[in-house]
Structures are given as C-alpha cells and as structure tokens.
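The values are calculated or read from the model by the stated rules, or taken from the named source; none is laboratory data. Only a predicted model underlies this, so the values are computations on that prediction, with no experimental measurement involved. Using ideal geometry, Cβ is built from the backbone for each residue, glycine included, and neighbour counts are taken over all protein chains shown. Keep in mind that these areas ignore ligands, DNA and RNA; they rest on the heavy atoms of the full protein, side chains included. Shrake-Rupley method; radii C 1.70, N 1.55, O 1.52, S 1.80 Å.
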Amino acid sequence: MNTTMRLSLFASAALMSLGSSVCAQPAPPQAPSMTFFVVSAGPGKGADLGGLEGADRQCQTLAQAAGAGGKTWRAYLSSNAAQQGGAVNARDRIGPGPWQNFKGTVVAQNVDDLHSDNNKLTMENSLTERGTMISATGMTPNWHDVMTGSSPDGRAFPANMNLTCNNWTSSTFGSAMLGHGDREGIADTVYQHSPISSHMSRDCTQPGLVATGGNGLFYCFAAQ
C-alpha cells in the first residue's frame, strides 16, 4: 500500500469517527425513582392521543427514556360513558401513590391527597420527565393547560358532555377539560387554581389548544 493510499484511508477513518461523535446525542437526564411527570411534548395532533392506550404509551416511552421505564405508567385522563366499556375515571387508573417528581419532591401522598388543596402540583413541582418546568404563567408562551377530561375530583363527565375530544381520539370534534399545571389563572377562583379542572379548551386542534393556553400536555403517573 503506497503512502498516498494510507493517508487517504486514515483521513476517511478520521472523518467517520468525527461524524459519529457529531451525530451522537447526549442521553436524556435520568430519574429512575420518578413516579410523576408532565409530558414535555404531546404527539402534536391536538387532543388526538390515540385514546387512553396511546396516551399511556406516550407516558411509558418518555419514562423509559428517563430511566423510569420499569414501572407501569398511566396517563391522568378520564373518558366518558361513550368509551367502549363505559366511563373511566382518571383517579382510578393511576395507582395508590405516593408520587414524586423528577427531583424527588412528593406531589401527593395518595389519591385523596392529589384531589385536595394539599397537593403540591405547582409551577415548581409540575415538572416534565426531563426535570424541566413547563412554560407557565408569566412566561412566553404560556402552556400551563394540562388535558385531563376530568371533574375536580378526578372523575369522568356524563356521556352527553364531550370534554375529552371523543375520548382522546379526535383533533376536530369536541373540547377538552383542562387543569392548570401551575395552579395559576386570570382570576382568584377555585377553578383557576385547580390543576385538574380549570376550564374547557377552545377546541381539540393543536392550534386551538395552544390558543387556549396549552400545548397538548398531560400528566403521567406510575400506577405500580
């Protein structure tokens, strides 16, 4: 092998090595003890999450990337009686608790605590699976709306009230009941301070959720 060929091969190997290091992505922050988070991003199709199953899958995937995939994750979402098999209450699908965020802060001891004024869901504690705060009140943009489809006590609405965007399968029909992930709003009322049931979305589209004050986000809890 002549000198020119050896230099050419060496240069090619160096470029390949450089390319590999440039393309390598850093691992997401890890929190294996985390049992609660707000999704850092929805699927981008408005409130069409692929039903409860699709939302659960999103929770599991994001938890896996954060090193907490060894648990069974459930989206905190209710579905009304139009759901095949009947209504599903968000409070009944997330396990007994307690639940802690990325940083180890316990946001609720149990289901009753979660649905009381004592819960610790605030701007500082409603963290994503990456340990970051959601863009909330006082920030631009304000994405503090979190989809729940639930009443303040975490239960489903009657079948004639489509506050789940066709049970999380539509980005065009209905609206979504939203909570405020930072427990802040434009008025000092119990609803504006609710992380579960503050107001309805404009519609089920991604632009509609953004215009209302959200970005298609929802809560995930480790059920076991």
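Brief remarks follow.
- Qualifying residue in segment 187-208 (condition: more than 17 Å from ASN119 (Cα to Cα), at pLDDT below 90 and part of a loop (DSSP other than H, G, I, E, B)): yes
- Across segment 98-110, the qualifying residues are those that are open to solvent by less than 30 Å² (accessible area, probe 1.4 Å) and not in a loop (DSSP other than H, G, I, E, B), and the one among them that is nearest to PHE36 (Cα to Cα) is TRP99.
Matching residues to (1) closer than 14 Å to GLY46 by Cβ; (2) open to solvent by less than 40 Å² (accessible area, probe 1.4 Å):
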site	(1), (2)
TRP168	yes, yes
GLY174	yes, yes
MET177	no, yes
ARG183	no, no
VAL190	no, no
SER198	no, yes
GLY214	yes, yes
LEU217	yes, yes
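- If you go through segment 122-157 and keep only what is hydrophobic (A, V, I, L, M, F, W, C), in contact (Cβ under 8 Å) with a residue 40 or more places away in the chain and part of a loop (DSSP other than H, G, I, E, B), you end up with MET123, ILE134, ALA136, TRP143, ALA156, PHE157.
- Taking segment 29-50 as the range and being out of contact with any Lys or Arg (no Cβ under 6 Å at 6 or more places or on another chain) and surrounded by fewer than 19 Cβ atoms within 10 Å (Cβ to Cβ) as the test, the residues that pass are GLN30, PRO32, SER33, ALA41, PRO43, GLY44, LYS45, GLY50.
- Contact map, segment 60-75: first residue free of Cβ contacts under 8 Å to residues at least 40 places away in the same chain, second residue assigned to a helix (DSSP H, G or I) and open to solvent by less than 30 Å² (accessible area, probe 1.4 Å), Cβ cut-off under 9 Å, separation 6 or more or different chains; pairs are GLY69/ALA63; GLY70/ALA63.
- THR172 vs. criteria closer than 21 Å to GLY50 by Cβ, in a loop (DSSP other than H, G, I, E, B) and out of contact with any Gly (no Cβ under 7 Å at 6 or more places or on another chain): yes
- Boolean, ARG130 is open to solvent by 70 Å² or more (accessible area, probe 1.4 Å), of a type in the set (D, E, K, R) and within 29 Å of ALA31 (Cα to Cα): yes
- Matching entry among GLY85, GLY95, GLY70 (being under 21 Å from MET147 (Cβ atoms) and loosely packed, with under 15 Cβ neighbours inside 10 Å): GLY85
Condition check ((1) in contact with a strand residue (DSSP E or B) (Cβ under 6 Å, 6 or more places away or on another chain); (2) in contact (Cβ under 8 Å) with a residue 60 or more places away in the chain) across all residues:
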| residue | (1), (2) |
| --- | --- |
| ALA159 | no, yes |
| LEU163 | yes, yes |
| SER170 | no, yes |
| ARG183 | no, yes |
| ALA187 | no, no |
| SER194 | yes, no |
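- Unmet criterion (only one of (1) in a helix (DSSP H, G or I); (2) surrounded by fewer than 17 Cβ atoms within 10 Å (Cβ to Cβ); (3) in contact (Cβ under 8 Å) with a residue 12 or more places away in the chain; (4) basic (Lys, Arg)) for ARG57: (3)
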